[in-house]
1. May I ask you to order 72-78, 125-131 by the average number of other C-beta atoms within 10 Å around their residues, highest value first?
2. Leaving out same-chain residues fewer than 8 places away, which lysines sit with a Cα under 21 Å from that of residue 49?
3. Share of the chain's accessible area from carbon and sulfur, percent, 1.4 Å?
4. How high is the relative contact order of the stretch 9-98, given as a whole-number percent (alpha carbon pairs under 8 Å, six or more residues apart)?
5. Using Cα pairs under 8 angstrom and six or more residues apart, how large is the relative contact order of the chain, in percent?
6. Would you mind getting the accessible area per residue of the chain, heavy atoms of the protein chains only, 1.4 Å probe, in Å²?
7. If packing is taken as the average count of other Cβ atoms within 10 Å, what order do 37-45, 144-152 fall into, highest mean first?
Amino acid sequence: MSTPTSGHTAAFRAGAFPVEEDGRIVGHMVEKNAKPVIDGLSPFLRGVKGAALEIGSGTGQHIVRFARAFPDLDWTPSEPDAFHRYSIDAWRKHEGNTTNPAIEIDAAADWAAQTAVRAIAPLSLILNLNVIHISPFSVACGIVNGAGAALREGGLLAFYGPFRENGLHTGVGNATFDARLRADNPDWGLRDVAEITALGDAVGLTRIALLNMPANNRILILQKT
Ligand SMILES: C[S@@+](CC[C@H](N)C(=O)[O-])C[C@H]1O[C@@H](n2cnc3c(N)ncnc32)[C@H](O)[C@@H]1O
């Protein structure tokens, strides 16, 4: 089993989240996020078919909800952490195998070149929730660069989580959270919408939406043009 990759992961391991007999980790905040994210993405995914890849699927609770909400997409979860992949596959079985099995992806690496990714590319959607602020900036860079290579023309890259905008925090809660993350690990922290947009511009991904979500979160969507 691999080393914990985030505070979130360490919390799972420390037993802060219940784990069912079959290995499903149950994060209650994960359940809370799922519906607003589905509602936010719905207008962009109407009529969209093809392969959808999630980066950093965590417990696996989100992707089984997404697969139910958007059945025209063929969903593949991914995680660098073996403990998480076990939970993802347990959720998958629990829900009747509505997604493909979890694959191992370290988003800081050249993941788009992996055989398992090439087998499902070109992708219609790449999604990541709460990943790029709880990992080094190289992970954000890797997600965007990989998306530039793996998305089909018109395909979407969507980020969900807290962001800075124009160099500023969007609320006191986010500023406190950012300080806590950076104290845990100086390479972590909230990313600015503009820096992610600039990464996208460099690889042919254009920002098409920035959606306000509950608790000062955002969905940022880039499209391959
Ligand atoms: C805060 S958790 C979010 C999990 C899930 N997406 C959610 O919203 O509940 C951060 C996730 O990012 C993953 N992660 C950390 N570093 C990563 C990397 N280099 N590549 C891909 N995923 C990574 C962690 O393993 C963890 O599952």
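1. On the way: 72-78: 21.7, 125-131: 24.4.
The most tightly packed comes first, giving 125-131, 72-78.
2. 35, 224
3. Percent of accessible area from carbon and sulfur atoms in the chain: 53.
4. Over the stretch 9-98, the number comes to 30 percent.
5. Values: 414 pairs, mean separation 38.9, N = 225.
Worked out over the chain, it gives 17 percent.
6. Working: 9820 Å² over 225 residues.
Result: 44 Å² of accessible area for each residue.
7. Values: 37-45: 16.7, 144-152: 22.2.
Sorting 37-45, 144-152 by mean packing, highest first, produces 144-152, 37-45.
The values are calculated or read from the model by the stated rules, or taken from the named source; none is laboratory data. Predicted model, so just to flag it, every value in this text is computed and none were measured. When we count neighbours, we look across all protein chains shown, and the Cβ atoms used for this are built from the backbone with ideal geometry, even at glycine. Keep in mind that these areas ignore ligands, DNA and RNA; they rest on the heavy atoms of the full protein, side chains included. Shrake-Rupley method; radii C 1.70, N 1.55, O 1.52, S 1.80 Å.
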